[in-house]
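Trainee: Below is one structure. I have some questions about it.
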Amino acid sequence: MASLSVKPGQRFTLPDWQNNSLLISADAEQQRFNSHHIRQEGRALRNETGNQARWDEHNSRTRLNDRIISVDRWREALAKCLTEIDLEIDALTKVKEAAENAIQAKNLCLDVAIECLTFRESRRDIDVVRDPVEEELLKEVKVIEKTKKELQQRVDDAFKQLCLLKEARQQLSCDHRHKVETLELDRQCMSFNPTSGNISFKVNPTRIPDGTTALREWELNSQCNKDHAEAEMKASVDLRGAITLSIAQTNNELDAQRIATEFALRKRIRDMEGALSELRWQEQNTLEEIAEMEEEIRQLEEDLRKRTLDLKVAHTRLETRTYRPHIELCRDQAQYGLTDEVQQLEGTIRVLQKKRTESQDALDALYRQLHRIQTDIGYKTNSLQLDNKCMDTRKKLVVPVEKFEPEVDAINRTRNLPRKSQLELA
């Protein structure tokens with residue numbers, strides 16, 4: 001006979017079953033309510049965070065764009081300043097070269113002045129005088145040395161200023177390069193978006209890197225570099241003007257001294273030519289006087305010879321009459337006449353001999369004077385040749401102006417040079 005199998009375990013009552021169903025339904029309702037509430041909160045949160053993220057990204061992009069504009073503005077200002085400082089360096093370099101060329105030109109002037117002084121050291125005897133030409137040549141040497149010293153000081157100042165300009169340019173160039181790099185990085189940041197392939201999480205991205213500066217410090221640094229460069233450029237412009245003025249002043253001063261020297265040299269040459277002309281006139285007259293004196297001495301000697309013969313005749317007559325015999329040896333008028341004649345002739349001969357001696361002394365003096373005149377003519381001729389050689393040597397000073405006096409516009413930084421002008425001394 002079959003038996004009923006009963007499942008072992010607890011048996012719930014119908015109310016328990018009903019309560020369980022009601023509890024399940026209530027829990028489901030509560031969970032759905034909670035889920036709905038959470039969904040609403042999530043949607044609100046998503047909207048809020050999405051809007052916040054979009055606004056934050058927009059603000060960051062705006063700030064990046066503003067920063068790019070600010071950095072680019074400074075980049076342009078620094079680039080313009082770099083261009084100006086490059087032009088100023090080039091202009092100052094040209095003015096410095098002009099000053100160096102002016103110094104080189106002064107070397108030629110100094111060589112010519114010293115050469116002229118050396119030439120004039122070959123003067124002889126009385127012509128070795130401290131005349132105005134020598135004084136002007138010595139002044140010219142002093143003026144040249146002074147102008148060379150002034151120009152060399154200007155060249156040294158220009159070199160120092162070039163160093164300062166290049167140092168300022170280096171600072172500008174470094175700042176400009178950093179800003180170019182910064183612009184590239186910020187523009188790269190502007191290009192990033194959620195779909196970019198090169199975005200990733202970074203370790204501690206909000207850290208403050210070492211060497212970070214404040215915005216005010218950044219602005220002051222760029223402004224300081226720009227102001228420093230502009231100050232050095234202004235100093236360079238002033239220096240270029242001073243150098244150009246110094247070149248003009250030293251050239252004018254040297255030109256005036258050269259004119260004074262050549263004026264004195266020409267005057268000395270004219271005086272020397274006048275002295276030579278006078279000496280040659282004196283030489284000619286002295287030669288004529290010597291010829292006349294020699295003729296006079298010859299005439300005196302001829303008269304002496306004649307008077308000597310006359311005296312011999314008188315002596316012979318007197319001596320012959322001493323042989324008259326006895327009473328005929330008397331002192332008659334012929335005897336007195338012959339005696340007076342002898343005395344007169346002897347006196348005449350003494351006077352003629354004295355005059356011949358005086359004439360010979362005068363002739364010797366004339367020859368000595370002629371030698372002195374001819375010697376002085378030689379000295380003067382030598383001095384005149386030396387001064388003329390000085391004049392020929394000073395023709396080296398007629399050189400093109402471009403070699404040592406370029407005109408540099410201190411404002412436009414250009415060189416205005418005459419094409420065919422020459423520095424010619426009056």
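Trainee: How much of the accessible area of the chain, in percent, comes from carbon and sulfur atoms when a 1.4 Å probe is used?
Mentor: 54
Trainee: On to the next question. Which ³J(HN,Hα) values, rounded to whole Hz and listed in residue order, are derived for the stretch 76-86 from phi using the Karplus coefficients 6.51, -1.76 and 1.60 in 6.51 cos²θ - 1.76 cosθ + 1.60 with θ = phi - 60°, glycine and proline given as x?
Mentor: Per-residue couplings from phi come out as 5, 5, 5, 5, 5, 5, 5, 4, 5, 6, 5 Hz.
Trainee: For the chain, list the cysteines whose Cβ sits under 4.7 Å from no other cysteine Cβ?
Mentor: That list is C81, C109, C163, C174, C189, C224, C330.
Trainee: To continue, here is another question. Mind checking which of Q360, Q171, Q18 has the largest fluctuation in a GNM of the chain, springs on alpha carbons under 10 Å?
Mentor: Ranking Q360, Q171, Q18 by mean-square fluctuation puts Q18 first.
Trainee: List the relative contact order of the chain as a percent without decimals, with contacts defined as Cα pairs under 8 Å and 6+ residues apart.
Mentor: Dividing the mean separation by the residue count of the chain yields 27 percent.
Trainee: Residues in the stretch 234-265 near a label at T393, defined as backbone nitrogen under 15 Å from the 7 Å Cα→Cβ point?
Mentor: Those under the cut-off are 261-262, 265.
Trainee: What is the calculated FRET efficiency for R350 to S277, with r their C-beta to C-beta distance and R₀ = 51 Å, to the nearest 0.05?
Mentor: Step by step, r from the Cβ atoms, then E = 0.70.
Trainee: Give me the compactness ratio for the chain, meaning the Cα radius of gyration over 2.2 N^0.38 Å.
Mentor: 2.78
Trainee: Next up: PRE reach from Q335 (point 7 Å along Cα→Cβ): which of the stretch 307-321 fall under 19 Å by backbone N?
Mentor: Label zone hits: 314-321.
Trainee: Sorted by accessible area with a 1.4 angstrom probe, largest first, how do Y323, Y379 fall?
Mentor: Sorted descending by solvent-accessible area, the residues read Y323, Y379.
Trainee: May I ask for the distance between the Cα centers of the stretch 154-216 and the stretch 234-298, given as a whole number of Å?
Mentor: 70
Trainee: Calculate for the chain the 222 nm mean residue ellipticity that helices alone would give, adding -39,500 (n - 2.57) per DSSP H run of length 4 or more and normalising by residue count, nearest 500 deg cm²/dmol.
Mentor: Helix-only estimate at 222 nm: -30000 deg cm²/dmol.
Trainee: What is the distance, in nm, between label points placed 7 Å from the Cα along the Cα-to-Cβ direction at Q104 and at T206?
Mentor: 6.8
Trainee: Between K94 and Q170, 0.36 nm times their residue separation minus their Cα-Cα distance comes to what?
Mentor: Working it through step by step, the gained length comes to 25.3 nm.
Trainee: Applying 1/(1 + (r/R0)^6) with R0 = 22 Å to the Cβ-Cβ distance of N59 and E217, what FRET efficiency is obtained, to the nearest 0.05?
Mentor: Result of the calculation: an efficiency of 0.40.
Trainee: Running a GNM on the chain with Cα contacts under 10 Å, which residue among A264, A365, A168 ends up with the highest mean-square fluctuation?
Mentor: Between A264, A365, A168, it is A365 that shows the largest mean-square fluctuation.
Trainee: Fully extended, how many nm does the chain gain between E319 and K139 (0.36 nm per residue separation, minus their Cα-Cα distance)?
Mentor: The span from E319 to K139 would gain 56.3 nm if fully extended.
Trainee: Modelling each spin label as a point 7 Å along the Cα-to-Cβ direction, I'd like the A248/E295 distance in nm, to one decimal.
Mentor: The two pseudo-label positions are separated by 7.1 nm.
Trainee: Could you work out how far helix 215-321 tilts from the main Cα principal axis of the chain, as a 0 to 90 degree angle to the nearest 10?
Mentor: Once rounded, one gets 10 degrees.
Trainee: Within 10 Å, count the other beta carbons around each residue, average over each peptide in 252-261, 302-311, and list them highest first.
Mentor: Ranking, from highest mean packing down: 252-261, 302-311.
Trainee: Using a 1.4 Å probe, what is the accessible area per residue for the stretch 259-363, in Å²?
Mentor: Using a 1.4 Å probe on heavy atoms only, each residue of the stretch 259-363 averages 68 Å².
Trainee: To the nearest 10 degrees, how steeply does helix 333-393 sit against the main Cα axis of the chain, on a 0 to 90 scale?
Mentor: Helix 333-393 sits at roughly 10 degrees to that axis.
Trainee: Can you tell me which of T206, T93, T62 moves the most in a GNM of the chain? Springs connect C-alpha atoms under 10 Å apart.
Mentor: Maximum fluctuation in the GNM of the chain, among the listed residues, is at T206.
Trainee: May I ask you to compute the full-extension gain from E302 to V128, defined as 0.36 nm times their residue separation minus their alpha-carbon distance, rounded to one decimal in nm?
Mentor: Gain in length upon complete extension: 58.0 nm.
Trainee: Need one number: nm distance between label points at N193 and I38, each 7 Å from Cα along Cα→Cβ, rounded to one decimal.
Mentor: It works out to 3.5 nm between the two label points.
The values are calculated or read from the model by the stated rules, or taken from the named source; none is laboratory data. What you are looking at is a predicted structure, and each value in this text was computed from that prediction instead of being measured. Virtual Cβ from ideal backbone geometry, glycine too; neighbours counted across all protein chains shown. The accessibility values were calculated without ligands, DNA or RNA, using every heavy atom of the protein model including side chains. Shrake-Rupley method; radii C 1.70, N 1.55, O 1.52, S 1.80 Å.
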